[in-house]
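Just below is one structure, and these are the notes that go with it.
The values are calculated or read from the model by the stated rules, or taken from the named source; none is laboratory data. Values in this document were obtained by computation on a predicted structure and should not be read as measured data. Virtual Cβ from ideal backbone geometry, glycine too; neighbours counted across all protein chains shown. Protein only, heavy atoms only, side chains kept; ligands, DNA and RNA dropped before computing areas. Shrake-Rupley method; radii C 1.70, N 1.55, O 1.52, S 1.80 Å.
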Amino acid sequence: MRTTPSVAETKQRLERTGQQHLLTFWDSLDEARREALLESIVHLPLEHLSSMLSQAASLARPAAADIRPVRPYLRNMAEASKFRAIGDDLVKRGKVAAFIVAGGQGTRLGWRGPKGTYPATPVAGKPLFRVFAEQIMAAERAYGVRIPWFVMTSEANHHETERFFDDNRWFGRPRGDTMLFAQGMVPSVSLDGQVLLEQAWQPALNPDGHGGSLKALRQAGAIDHMQASGIEHLCYFQVDNPNVHVIDPLFLGLHVAAPDSSAEMSSKSVLKRDVTEKVGVFVKAPRLTVLEYSDAPKEIAEARDASGEIVYGEGSIAIHVIGVEFIRKLTDHPLGSVLPWHRAIKKVPFVDPITGQRTDPTEPNAIKLESFVFDALHEAESPIVLRTDRVEEFAPIKNATGEDSPSTSKAIQVERAARWLKEAGIAVPCHANGQPDCIVEISPLTARGPEDLRRMMHGKSITAGSEVLL
Ligand code: UTP
C-alpha cells in the first residue's frame with residue numbers, strides 16, 4: 001500500500017519539478033487540509049507536465065495539400081441486410097457492450113447536476129440517462145441477451161451520478177449490468193506552466209478529456225472484465241445525444257466484416273449542413289483523422305466539387321465502435337495511453353500565490369489539457385466511416401439556448417418520431433412548412449424503429465396540436 005509522502009519529500013519533489021508554490025499556504029492550513037494537499041500532489045503528473053505541455057503546444061495540424069476526403073459507407077448500401085445480420089449475430093452472442101462518456105463539465109449547458117440527469121425528452125421530460133438505459137433494455141429484450149453498460153463519470157460528478165442511478169433503481173436493469181467508474185484528472189496550469197491552486201489546499205484539476213476514457217476503462221479493470229466475459233466491441237456514445245442508436249447492427253456488422261475494416265475502430269458521420277457548420281470532419285491525412293473546424297484551412301472547409309457538393313463534409317457525431325483488444329493495445333503505455341494531448345486556453349478561478357486572494361479571472365488565464373477519443377482513429381488499422389442520417393441519430397444538447405440546445409434537440413426528437421410514424425403508415429398532422437403540428441415522443445421501450453410502431457398503432461391517429469407519449 002502506498003503511503004502519502006511526507007511534507008519534506010513533497011517539497012523536494014516540487015522543487016525538482018518547479019512547482020514549489022503549491023505549498024505557499026502550508027503554514028496556514030489545518031491538519032486535515034495539509035493531508036488533503038499532500039494527497040492531491042502525489043497524484044499530479046509533475047514529472048511529465050512540461051513534456052505534456054510542449055507536446056500539446058506543438059501538435060501538428062495536417063497541411064491542406066496532405067488532406068483527402070473520406071469515402072463513407074451509406075446506410076442504403078447494397079449489402080446492408082447482410083451486414084445488419086452480422087451485427088445482429090454479434091449482439092446475440094453477447095459480444096457487445098454499451099459505453100457512455102459522461103465525465104464532461106457541461107459548462108455550456110449550465111445544468112445543476114451531471115448532464116445525464118438533464119430532462120431531455122419533449123413530452124415526458126425523461127433524463128438522458130433514462131433514455132439510454134431504456135434503449136439498452138429494449139435491445140436486451142429484442143436480442144434476448146444482457147448488454148453490459150459502462151458509464152464513465154469524473155471525480156466531480158461520480159457520486160451524484162451514482163446516486164441518480166441508485167435513486168432510479170438502475171432504471172430497472174440488474175445492478176451488476178452497469179459499471180460506473182471515474183476518469184482521470186489533470187492539473188490546470190497557468191500560461192507559464194505553474195499548476196494553479198483552486199483552493200489554498202487544492203490544486204486546480206480538470207477531467208482529462210473523452211480520450212481519457214480508454215485509460216480509465218483499463219484502470220477500472222473494465223477491459224479485463226470484458227475480455228473475461230467474451231465482450232469484443234464497445235458501442236461508444238456521448239451523454240448529450242438522445243437520438244443516438246446505442247446498439248446499431250448495421251454499424252456493428254460493418255465494423256467487424258466490411259472488407260476494408262480491421263474491426264479496431266469505426267465511426268459514424270453526418271453530412272455537414274453547410275460549409276460554415278462548426279463540426280469536426282473526417283478526413284484522410286493520410287490516416288483517418290477528425291479535423292476540428294477550428295483547425296481546418298479555409299480551402300478545405302469550403303471546398304465543393306463540380307456538382308456543388310461539400311468535399312470534406314463527413315461531420316463527426318462522436319459515435320464509434322471500438323474493439324476491446326484495440327483499447328488494450330492503446331493503453332499498454334507507461335502514461336496509460338498513446339493519445340496526444342490537446343490544449344485549450346480557458347478561464348480558471350485560482351488562489352493568487354502572492355496575495356492569497358481567490359480570483360475569478362476576466363480573461364483566459366489557464367491551459368487545460370485534454371485528450372480526444374477520435375485521435376485513436378489515427379492508431380487504428382484501416383478504420384471505416386458510416387454516414388448516417390442527421391435527424392435519425394443526432395439531436396445534441398450542448399448549449400442552454402440557441403443552436404444545439406434543449407429546444408433544438410426536442411424539435412429533432414419530435415421530427416424523428418413523426419418520421420417513424422409516417423413510415424409505419426400513421427398520418428401525422430403537419431404545418432405548412434412540413435414540420436409536425438403535434439409533439440410526439442416515442443419511448444425506446446415502445447419502439448426501436450418504425451417497424452415496431454406498425455402493429456401497435458393500427459387504427460390509431462394523431463390529432464393536430466396534441467401532445468402524445470407513446
Ligand atoms: P463536450 O466536448 O461537450 O464537453 O463533451 P463537456 O465538458 O461535456 O461540455 P462543455 O464543453 O463544458 O460545455 C462531449 C462528451 O464527452 C464527455 C462529455 O460528458 C460528453 O459526453 N467528456 C468530455 C468526458 O466524458 N470527459 C471529458 O473530460 C470531457
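Brief remarks on what is shown
- In this entry, LEU128 passes the filter for residues that are crowded, with 19+ Cβ neighbours inside 10 Å and of a type in the set (A, V, I, L, M, F, W, C).
- Test: residue in segment 206-214 that is more than 11 Å from the ligand (Cβ to nearest atom), at negative phi and buried (at least 22 other Cβ atoms within 10 Å of the Cβ): yes
- Of the residues screened, MET52 is not one that is closer than 30 Å to GLU309 by Cβ and either part of a helix (DSSP H, G or I) or among the aliphatic types (A, V, I, L, M) (or both).
- Looking only at segment 43-63, and only at residues there that are of a type in the set (S, T, N, Q) and under 26 Å from VAL283 (Cβ atoms), the one that is surrounded by the most Cβ atoms within 10 Å (Cβ to Cβ): GLN55
- Across segment 73-89, the number of residues qualifying as assigned to a helix (DSSP H, G or I) and surrounded by fewer than 22 Cβ atoms within 10 Å (Cβ to Cβ) comes to 8.
- Failed item in (1) within 16 Å of the ligand (Cβ to nearest atom); (2) open to solvent by less than 20 Å² (accessible area, probe 1.4 Å); (3) not charged (D, E, K, R), with GLN135 passing the rest: (2)
- Within segment 430-470, if we keep just the residues that are in a strand (DSSP E or B) and free of Cβ contacts under 8 Å to residues at least 24 places away in the same chain, the residue that is surrounded by the most Cβ atoms within 10 Å (Cβ to Cβ) turns out to be PRO436.
Residue by residue, here is whether (1) closer than 30 Å to LEU369 by Cβ; (2) within 14 Å of the ligand (Cβ to nearest atom) holds:
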| residue | (1), (2) |
| --- | --- |
| ALA57 | yes, no |
| ALA60 | yes, no |
| ILE67 | yes, no |
| ARG71 | no, no |
| ALA78 | no, no |
| VAL101 | yes, yes |
| GLY116 | yes, yes |
| ARG141 | no, no |
| PHE165 | yes, no |
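- Qualifying residues in segment 185-205 (those that are surrounded by fewer than 20 Cβ atoms within 10 Å (Cβ to Cβ) and touching a residue at least 60 places away in the same chain (Cβ under 8 Å)) - the one farthest from the ligand (Cβ to nearest atom): ALA200
- Residue match in segment 348-368 (condition: within 19 Å of the chain's Cα centre (by Cα) and β-branched (Val, Ile, Thr)): no
- Filter pass, ARG304 being more than 16 Å from the ligand (Cβ to nearest atom), more than 30 Å from SER188 (Cβ to Cβ) and among the basic types (Lys, Arg): yes
- Residue within segment 360-373 that is β-branched (Val, Ile, Thr) and open to solvent by 60 Å² or more (accessible area, probe 1.4 Å) present: yes
- Taking segment 355-384 as the range and being assigned to a loop (DSSP other than H, G, I, E, B), among the hydroxyl-bearing types (Ser, Thr, Tyr) and free of Cβ contacts under 8 Å to residues at least 60 places away in the same chain as the test, the residues that pass are THR355, THR362.
- Residue ranges of strands (runs of 3 or more DSSP E) in segment 133-220 with at least 1 members closer than 22 Å to GLU47 by Cβ and over 17 Å from the mean Cα position of the chain (by Cα): 185-187, 197-199, 205-207
- A single member of ALA156, ALA182 is within 11 Å of the ligand (Cβ to nearest atom), modelled with pLDDT under 95, open to solvent by 30 Å² or more (accessible area, probe 1.4 Å) and on the phi < 0 side of the Ramachandran plot, and it is ALA156.
- Verdict on LYS268 being among the basic types (Lys, Arg), touching a residue at least 12 places away in the same chain (Cβ under 8 Å), crowded, with 19+ Cβ neighbours inside 10 Å and within 14 Å of the ligand (Cβ to nearest atom): no
- Scanning segment 281-295 for residues that are aromatic (Phe, Trp, Tyr) and open to solvent by less than 90 Å² (accessible area, probe 1.4 Å) yields a total of 1.
- Hits in segment 221-265 - residues which are among the aliphatic types (A, V, I, L, M), assigned to a helix (DSSP H, G or I) and either within 16 Å of the ligand (Cβ to nearest atom) or in contact (Cβ under 8 Å) with a residue 12 or more places away in the chain (or both): ALA222, ILE223, MET226, LEU250, LEU252, LEU254, VAL256, ALA257
- Lone qualifier among ARG68, ARG112, ARG93 - being open to solvent by 40 Å² or more (accessible area, probe 1.4 Å), under 30 Å from HIS158 (Cα atoms) and among the charged types (D, E, K, R): ARG112
- Options LYS278, LYS298: the member that is open to solvent by 50 Å² or more (accessible area, probe 1.4 Å), within 16 Å of the ligand (Cβ to nearest atom) and without any contact (Cβ under 8 Å) to a residue 40 or more places away in the chain: LYS278
- Selection of segment 368-415 for residues being under 28 Å from LEU335 (Cβ atoms) and within 13 Å of the ligand (Cβ to nearest atom) yields LYS368, LEU369, GLU370, SER371, PHE372, VAL373, PHE374.
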